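Derivation of every value follows stated rules applied to the coordinates shown; laboratory data play no part. Note that the coordinates shown come from a computational prediction; the quantities given were computed from them, not determined experimentally. Here the Cβ positions follow ideal geometry from the backbone for every residue, glycine too, while neighbour counts run over all protein chains shown.
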Amino acid sequence: MKVLWELFVAFLRIGGLTFGGGYAMLPMLEKEAVEKKGWITNEELLDFYAVAQCTPGIIASNTASLIGYRVKGTAGALAAALGVVSPSYVIITIIAAFINNFTDLEIVQNALAGVQVCVAALILSAIASLWKKSVVDRITCCFFLITLAAVVFISLSPILAVVVMAAAGICVKRAGGTK
Amino acid sequence: MIYLELIREFLKIGLFAIGGGLASLPFLYDISARTGWYSAEDIINMIAISESTPGPIGINMATYVGYLTGGLLGGMVATLAVIAPSVVIIILIARILNKFMENEWVKAAFYGLRPAVAALIVSAFLEVVKVALFNTDLYKETHIFRDLLDWKGIILFTILYYLIRKGKKHPIVYIASSAVIGILLKMA
């Protein structure tokens, strides 16, 4: 029981102190799970991180569940996952409760208009980083263009896009016989 | 029943959004288009809030959408639903972790998945651009091409993009400065 509580609290701290999730979490995880608690080694952490990015779901909760599972099985995975989401739930609920009272004010609307432009720039920057890892050759470039066209022009559902393209990847890689 | 619908939609995001935070964006636009629970502008506010507060973006977005649609309980069920598939999947594969990562089928699937995810995020980016850099409402009234583009926004966008790629500061820095610039230039 004690270890479950420790997992919950450690991941509560990680969730509450990292901005942005994904890669931002790595240094916090190192400090809490590797250095302070000794639950896993640094190499394991990097392995877990790689798995977390390749499995469905939010990277942060995947990583939390993996470490939790290693420490205390299924109950550990649950404790860690609940810990990592709790700060978000509290903080975002408070903000969401208040923001709608302010959005009618002119000054807030102007501020939000500026922020919208910034969000566009941030996403484009994330895409630029992602591009190098995902579009690696001519075939992946075709996959990219086909998916984009299908989503933009015929409003293909994102679920179908993900399923079909995973299948396409398997067809190309496995049927082609190239490793 | 709004809670069941929230659970269904966020289970789907948890199951199919692969690769973290921004990968859930196309799903959020898809939900918005189908259900009308929130607007395209709400999504952008959501992104800004998520980037400026602690916690993983994907989870922040689930809480925010859940709260907007179903209050306190809505936020809670959406948050739990979005992590449920990942917890279950991890528990299932934790034992065969190394085999899973080295499996040729898994690798092949990701060869196709990664560009698809990139394309999905680009499609979400286009939705954000529509709201942030275009004045579609004004254009519908005047039909003057010059009115379609939000010039202040486009200039700010170009400068911000350059600074973000060069500076690598925390997103909150850029978001806060943009809010101030928005007020000073009366961008709304």
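Listing for the model above:
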{"quantity": "Order of A:R70, B:R95 under a 10 Å beta carbon neighbour criterion, fewest first", "calculated": "B:R95, A:R70"}
{"quantity": "Gaussian network model of chain B, springs between alpha carbon atoms under 10 Å - residue of B:I96, B:I18, B:I83 with greatest fluctuation", "calculated": "B:I96"}
{"quantity": "³J(HN,Hα), Karplus 6.51/-1.76/1.60, whole Hz, each residue of the stretch B:29-37, x for Gly, Pro", "calculated": "5, 4, 5, 4, 5, 7, 9, x, 5"}
{"quantity": "Contact order normalised by residue count of chain A, Cα under 8 Å, 6+ apart, percent", "calculated": "19 percent"}
{"quantity": "Charged-residue dipole, Cβ positions (Lys, Arg, Asp, Glu), the protein assembly as shown about Cα centre, Debye nearest 20", "calculated": "980 debye"}
{"quantity": "Estimated FRET transfer efficiency (B:M1, A:N100; beta-carbon r; R0 22 Å; 0.05)", "calculated": "0.40"}
{"quantity": "Local electrostatic count at B:W37 - Lys and Arg +1, Asp and Glu -1, tallied over other residues with Cβ under 11 Å", "calculated": "-2"}
{"quantity": "Chain A: DSSP helices with Cα axial extent of at least 20 Å and average Kyte-Doolittle hydropathy no lower than 0.5", "calculated": "A:2-17, A:59-102, A:106-134, A:138-154"}
{"quantity": "Which listed pairs, of B:K130/B:K166; A:K132/B:K107; A:K37/A:K72; A:K36/A:K72; A:K133/B:K168, have C-alpha distances above 22 Å, in listed order", "calculated": "B:K130/B:K166"}
{"quantity": "Using alpha carbons only: equivalent-ellipsoid semi-axes of the stretch B:1-53, gyration tensor based, whole Å", "calculated": "18, 15, 10"}
{"quantity": "Among B:T63, B:T79, B:T136: highest mean-square fluctuation, GNM of chain B, C-alpha pairs under 10 Å", "calculated": "B:T136"}
{"quantity": "P(r), alpha carbons of chain B - 10 Å bins starting at zero, rounded %", "calculated": "8, 29, 32, 23, 7, 2, 0"}
{"quantity": "Total charge dipole magnitude, the stretch B:126-188, about the Cα centre, Cβ charges on Lys, Arg, Asp, Glu only, Debye to nearest 20", "calculated": "420 debye"}
{"quantity": "Quotient of C-alpha Rg and 2.2 N^0.38 Å, computed over the stretch A:1-159", "calculated": "1.29"}
{"quantity": "Inter-label distance for A:W5 and A:A149, nm, one decimal - labels placed 7 Å from Cα along Cα-to-Cβ", "calculated": "6.0 nm"}
{"quantity": "Choice from B:I43, B:I13, B:I172 with maximal GNM fluctuation in chain B (Cα, 10 Å cutoff)", "calculated": "B:I172"}
{"quantity": "Exposure proxy order (Cβ contacts within 10 Å, fewest to most) of A:R13, B:R146", "calculated": "B:R146, A:R13"}
{"quantity": "A:W39, B:W105 arranged by Cβ crowding within 10 Å, fewest neighbours leading", "calculated": "B:W105, A:W39"}
{"quantity": "Inter-site label distance for B:L126 and A:S157 at 7 Å from Cα along Cβ, in nm", "calculated": "2.0 nm"}
{"quantity": "For the stretch B:2-101, diffusion coefficient by Stokes-Einstein and Kirkwood Rh (Cα), 25 °C, 0.890 mPa s, µm²/s", "calculated": "178 µm²/s"}
{"quantity": "Rounded tilt (10° steps) of B:104-133 against the dominant C-alpha axis of chain B", "calculated": "20 degrees"}
{"quantity": "Given charges at beta-carbon only (K, R positive; D, E negative), |dipole| of the stretch A:83-179 in Debye", "calculated": "780 debye"}
{"quantity": "Nitroxide proxy distance, nm - points 7 Å out along Cα→Cβ at B:M101 and A:D137", "calculated": "2.3 nm"}
{"quantity": "Overall dimensions of the protein assembly as shown by Cα: Rg and Dmax, Å", "calculated": "20.4, 67"}
{"quantity": "Over the stretch A:103-175 - Rg/Rh using Cα atoms and the Kirkwood inverse-distance radius", "calculated": "1.18"}
